[in-house]
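Have a look at the structure below before the remarks.
The values are calculated or read from the model by the stated rules, or taken from the named source; none is laboratory data. All of these numbers come straight from a predicted model, not from anything done at the bench. So basically every Cβ, Gly included, is an ideal-geometry build from the backbone, and we count neighbours across all protein chains shown. Just so you know, the surface numbers come from the protein's heavy atoms only, side chains and all, with ligands and any DNA or RNA stripped out. Shrake-Rupley method; radii C 1.70, N 1.55, O 1.52, S 1.80 Å.
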Amino acid sequence: MTLLEPYGLTTEHLATPLGLDEPFPRLSWKLRSSRRGDAQTSYRLAVALDASDLDGDRRLIWDTGRRESGDNVLVAYDGPPLQPSTRYHWRVQVWDADGAQAGQAKSWFETGLMHAREWRAAWIGRDPA
């Protein structure tokens with residue numbers, strides 16, 4: 001039975017945001033446990049292009065591996081550069097106060113146009129004819 005579990009995943013303080021232009025978005029999660037005094041001792045973050053890729057390790061874009069840390073707020077993505085207009089799926093796994101692997105949760109975020117050179121537009125105006 002999993003006692004400690006992550007929930008309320010956010011990217012840049014937003015749940016499943018669309019159009020992020022942050023090249024290194026910060027990931028956060030909340031924790032709940034049925035055991036008094038429980039705490040996160042480690043976490044592992046993984047990012048993939050497809051949600052199903054999070055279930056394995058072969059097609060991950062970024063994987064922190066297990067990091068000994070109680071951090072769960074504004075953990076910065078530090079993987080390869082993110083592509084514009086792309087949906088990324090991410091997973092957090094946590095370990096409890098006893099060092100046992102506990103729960104995990106998944107979410108996603110989508111990047112927008114991240115650089116000025118990617119914007120393409122034409123002025124809209126009244127046709128004088």
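Things worth noting here:
- Other-chain or far-sequence residues with amide H under 5 Å of residue 62's (modelled H): 47
- Largest GNM mean-square fluctuation across 38, 63, 96, computed for the chain with C-alpha springs under 10 Å, falls on 38.
- The computed Rg and Dmax of the Cα atoms in Å for the structure shown corresponds, within (i) 14.8, 48; (ii) 18.3, 76; (iii) 20.3, 63, to (ii).
- In region 3-46, Cα pairs under 8 Å separated by at least six residues give a relative contact order of 49 percent.
- Per-pair calculated FRET efficiency, R0 = 35 Å: residue 106 and residue 36 via Cβ, rounded to 0.05: 0.80
- Accessible surface of the chain [probe 1.4 Å, protein heavy atoms]: carbon and sulfur percent: 49
- Debye, to nearest 20: dipole size of the chain, +1 on Lys, Arg Cβ, -1 on Asp, Glu Cβ: 140
- Value of relative contact order over the chain, rounded to a whole percent, pairs C-alpha under 8 Å and six or more apart: 33
- Stretch gain in nm, segment residue 18-residue 51, where the contour uses 0.36 nm per residue and the Cα spacing is subtracted: 10.3 nm
- Whole-number D in µm²/s for region 1-62 (Stokes-Einstein; Kirkwood sum over Cα pairs; 25 °C, 0.890 mPa s): 178
- Looking at region 1-50, the accessible area is 55 square angstrom per residue; that uses a 1.4 Å probe and ignores ligands, DNA and RNA.
- When you restrict to C-alpha pairs under 8 Å that are six or more residues apart and normalise by the size of region 48-102, the relative contact order lands at 38 percent.
- Area of residue 95 that stays accessible when all protein chains are in place (1.4 Å probe, Å², to 10): 20
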